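Just so it is clear, none of the values below were taken in a lab; they were calculated from the coordinates. Given the structure is predicted, the values throughout are model-derived calculations rather than measurements. Ideal geometry is used to build each Cβ from the backbone, glycine not excepted, and the neighbour counts take in all protein chains shown.
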Amino acid sequence: MKNALISPNEPRFDGYRVAEVADQSFEVAPPLFWVACDDDVVADLFWYDPSDSTIKPNPPEEEPQQPVVDGAQTL
């Protein structure tokens, strides 16, 4: 089990950013705080949900859509 450093100053989705993951927590300044997390949690790829005190993976990003152009000519 590892520890995740949560940064309430950095909103992510409906919660906060996981700023760091460490084997052992260390003293941090408020409002930062530590929570226990699974070994597979990675900083910036997960976020902390304060409504149920869980760490969740970031949702997948949508791939950008290519613009559609009507009436274009090739040179």
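Going through segment 48-74 one residue at a time, which ones are small (Gly, Ala, Ser) and touching a strand residue (DSSP E or B) at 6+ places or on another chain (Cβ under 8 Å)?
Result: Ser51, Ser53.
Provide a single number: the residues in segment 9-31 that are surrounded by fewer than 15 Cβ atoms within 10 Å (Cβ to Cβ) and either closer than 24 Å to Pro59 by Cβ or touching a Leu at 6+ places or on another chain (Cβ under 8 Å) (or both).
Residues that pass the stated criteria total 7.
Output the residues belonging to segment 40-75 that are surrounded by 10 or more Cβ atoms within 10 Å (Cβ to Cβ), assigned to a loop (DSSP other than H, G, I, E, B) and under 12 Å from the mean Cα position of the chain (by Cα).
Scanning segment 40-75 gives Val41, Val42, Ala43, Asp44, Leu45, Asn58.
Does Leu45 count as in contact with a strand residue (DSSP E or B) (Cβ under 8 Å, 6 or more places away or on another chain) and of a type in the set (A, V, I, L, M, F, W, C)?
Yes.
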